[in-house]
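Encoded as structure tokens, the structure appears first; notes follow it.
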């Protein structure tokens, strides 16, 4: 795999054959080339969250591909759908890091993904 395009789902076997650093680098390069307005100190974390979501899709973690597909059907492009799911991942990670949660709750994550809609995402109420 030579480049990352968030508008297209990477081929799972190719994606998973890369090591984590290579995945982050590909996503980072995409965002740098796209001239997206991301602060330099945030691009690594942004790319890492993309990778977490893409990894879950490639590994077939059922709620994530289904959520991405549903958000696309509801009008988001794939890149924005990755961001929506990534926001939930980030919020859960923040709760873990700040001590609001003591462990990753897979059922809670699944419920949040099931509640996520394009309309809620666009309103900032995910």
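Rule-based calculations on the coordinates, nothing more; no lab input. Only a predicted model underlies this, so the values are computations on that prediction, with no experimental measurement involved. Cβ sites come from the backbone with ideal geometry, for glycine too, and all protein chains shown count toward neighbours.
Annotations for the structure displayed:
- Acute angle (nearest 10 degrees) that the helix 78-98 long axis makes with the longest principal axis of the chain, alpha-carbon atoms: 60
- Counting 0.36 nm for each residue step from residue 7 to residue 115 and taking away their Cα separation leaves a gain of 36.6 nm.
- Extension reserve of the residue 61-residue 20 stretch, reckoned as 0.36 nm per residue once the Cα distance is removed: 13.0 nm
- Estimated FRET transfer efficiency when R0 is 22 angstrom, pair residue 78-residue 42 (beta carbons, to 0.05): 0.55
- Summarising the overall dimensions of the stretch 47-86 from its C-alpha atoms, the Rg and Dmax are 9.2, 25 angstrom.
- Taking the C-alpha atoms only, the angle from helix 20-33 to the longest principal axis of the chain is near 80 degrees.
- Intensity falloff of the stretch 12-122 expressed as log10 I(q)/I(0), Debye formula with alpha-carbon point scatterers, at q = 0.09, 0.10, 0.12, 0.20 Å⁻¹: -0.24, -0.30, -0.43, -1.20
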